């Protein structure tokens, strides 16, 4: 496996911006679908008094995690919210009393075994904070009899443009990140840990190396800054040389990949018992006058975050949750903050002159091969596009469409402006449906 990827402008405007705690909003709306997997069912009703850290959504589904209140106050409504993917889920609306009274259930968990540790991680509501949102207890809970894990990789690559929330985690909570990693290593009996950071963050690399200088089983590795270096299968190969094939996860190769912010949260939960009710995110984009990193409670309306960053919401043309390569467009500025939102990017509408229109006009494929060179998984995006247009399921499977990670590198480098990344996702859905 040879990782190609693409060179991309980093635009890390907020790398030096210390995290600011956002003021509490008057009302939060907390979605019952915060992670990958099954949504939760509300456990509260209108009129109930709730407290910070109180569980307000639960499910028995293995691939899911409970949801907790991020504020103290009164439940004022139960309803539904339309998601960016067209589906809907339940939402709990809470009017904040600004007292931030902690729930009596918030206390450090008792952890003395692997089973207790995994149960604690589940009860914390923890999911991957790098953007994917995979329930962390599921990732950590692989059967050691079937898949012996010998390496933990802390993913601090943060290869998407603009986003610096993980960078700030490594600078502001470096010891917490390391302690979280040591807890995972202890309870899951993992002998080695690699903290992987792209080399465009030299201050984070240096700080982590200083703090782990006496840690015999933890090493810090500076990786080349190349997109998408932070993708799970890519960073696994970059750090260990192991190839994660189609249908496999890093655990199949003896590796668990955990985001640095997730490790930092695990440490915090083990020490305080406060579940995942707030998160750090980067606010940037050309519509934002004061790019910054903020820490906000889950359920905060996005418009509150934008206004705090001195962004006039009436000039916003496109609003992205996540990065410009893999983020999701949202349709509504009152949309609530969710656990997986590591960035909020706001852009103004481009000036659509003749030059702009010509430069962005889609044309026929010119067979340049740039998309093939850019694909980190070695796929053939032009051939995948043809196979999907012909609805040729067999050809799509043969071309290994399911290896596509939706990084967007193919579309980014295409001089013909083909919708290659979008077609790949439609193709994956088509294969799954058939």
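With respect to residue 118, is the statement that it is surrounded by fewer than 21 Cβ atoms within 10 Å (Cβ to Cβ) and either modelled with pLDDT of 95 or more or in contact with a helix residue (DSSP H, G or I) (Cβ under 8 Å, 6 or more places away or on another chain) (or both) true? So residue 118 passes the test.
Select from the stretch 283-320 the residues that are in a strand (DSSP E or B) and either at pLDDT below 95 or more than 23 Å from residue 167 (Cα to Cα) (or both) and list them in ascending order. Steps first, answer last, please.
First, the residues of the stretch 283-320 that are in a strand (DSSP E or B): 283-284, 292-297, 301, 318-320.
Those that are in a strand (DSSP E or B) and either at pLDDT below 95 or more than 23 Å from residue 167 (Cα to Cα) (or both): 301, 318.
Among the residues of the stretch 89-115, those identified as over 30 Å from residue 46 (Cβ atoms) and without any contact (Cβ under 8 Å) to a residue 40 or more places away in the chain are 110, 112, 115. For residue 229, the conditions (1) over 20 Å from residue 131 (Cα atoms); (2) part of a loop (DSSP other than H, G, I, E, B) are fulfilled apart from (1). The set of residues from the stretch 205-219 being surrounded by fewer than 23 Cβ atoms within 10 Å (Cβ to Cβ) and in contact with a strand residue (DSSP E or B) (Cβ under 7 Å, 6 or more places away or on another chain) comprises 205, 209, 212, 217, 218, 219. In the stretch 12-57, the residue that is farthest from the chain's Cα centre (by Cα) out of those that are crowded, with 17+ Cβ neighbours inside 10 Å and on the phi > 0 side of the Ramachandran plot is 53.
Where residues in the stretch 121-131 are touching a strand residue (DSSP E or B) at 6+ places or on another chain (Cβ under 7 Å) and on the phi < 0 side of the Ramachandran plot, which of them is modelled with the lowest pLDDT?
Initial filter on the stretch 121-131 (touching a strand residue (DSSP E or B) at 6+ places or on another chain (Cβ under 7 Å)): 125, 127-130.
Keeping just the survivors that are on the phi < 0 side of the Ramachandran plot gives 127-130.
Working: 127: 95, 128: 94, 129: 95, 130: 89.
Of everything passing the filter in the stretch 121-131, 130 is modelled with the lowest pLDDT.
Kindly indicate whether residue 263 is buried (at least 23 other Cβ atoms within 10 Å of the Cβ), assigned to a strand (DSSP E or B), modelled with pLDDT of 95 or more and touching a helix residue (DSSP H, G or I) at 6+ places or on another chain (Cβ under 7 Å). Spelling it out, it is not the case that residue 263 is buried (at least 23 other Cβ atoms within 10 Å of the Cβ), assigned to a strand (DSSP E or B), modelled with pLDDT of 95 or more and touching a helix residue (DSSP H, G or I) at 6+ places or on another chain (Cβ under 7 Å).
Go over the candidates 106, 92 one by one and state the one that is at pLDDT 95 or above, under 24 Å from residue 52 (Cβ atoms) and not in a strand (DSSP E or B). Break it down stepwise before answering.
Details: 92 fails: not in a strand (DSSP E or B).
Sole residue among the options that is at pLDDT 95 or above, under 24 Å from residue 52 (Cβ atoms) and not in a strand (DSSP E or B): 106.
Do we find a residue being part of a loop (DSSP other than H, G, I, E, B) and within 26 Å of residue 170 (Cα to Cα) anywhere in the stretch 50-57?
Within the stretch 50-57, the first condition is being part of a loop (DSSP other than H, G, I, E, B), and the residues that meet it are 51, 53-54.
Imposing the further condition that a residue be within 26 Å of residue 170 (Cα to Cα) reduces the set to 53.
There is at least one residue in the stretch 50-57 that is part of a loop (DSSP other than H, G, I, E, B) and within 26 Å of residue 170 (Cα to Cα).
When the residues of the stretch 287-338 are filtered to those that are in contact with a strand residue (DSSP E or B) (Cβ under 7 Å, 6 or more places away or on another chain) and surrounded by fewer than 17 Cβ atoms within 10 Å (Cβ to Cβ), the one that is nearest to residue 32 (Cα to Cα) is 334. Contact map, the stretch 1-17: residues that are more than 15 Å from residue 285 (Cα to Cα) paired with residues that are at pLDDT 90 or above and exposed (fewer than 14 other Cβ atoms within 10 Å of the Cβ), Cβ distance under 8 Å, separation 6+ or inter-chain. Pairs shown: 1/243; 1/378; 2/378; 4/378. Applying the criterion of being in contact with a strand residue (DSSP E or B) (Cβ under 8 Å, 6 or more places away or on another chain) and in a loop (DSSP other than H, G, I, E, B) to the residues of the stretch 162-188, the residue that is surrounded by the fewest Cβ atoms within 10 Å (Cβ to Cβ) is 162.
The residue that is nearest to residue 249 (Cα to Cα), counting only those in the stretch 386-410 that are free of Cβ contacts under 8 Å to residues at least 24 places away in the same chain and surrounded by 14 or more Cβ atoms within 10 Å (Cβ to Cβ), is 399.
Can you find a residue in the stretch 147-155 that is surrounded by fewer than 15 Cβ atoms within 10 Å (Cβ to Cβ), outside any helix (DSSP H, G or I) and free of Cβ contacts under 8 Å to residues at least 60 places away in the same chain? No, the conditions are met nowhere in the stretch 147-155. Would you check if residue 61 is over 21 Å from residue 24 (Cβ atoms) and crowded, with 21+ Cβ neighbours inside 10 Å? For residue 61, the condition - over 21 Å from residue 24 (Cβ atoms) and crowded, with 21+ Cβ neighbours inside 10 Å - is not met.
The values are calculated or read from the model by the stated rules, or taken from the named source; none is laboratory data. Computed from a predicted structure; not experimentally measured. No Cβ is skipped: glycine too gets one built from the backbone with ideal geometry, and neighbour counts run over all protein chains shown.
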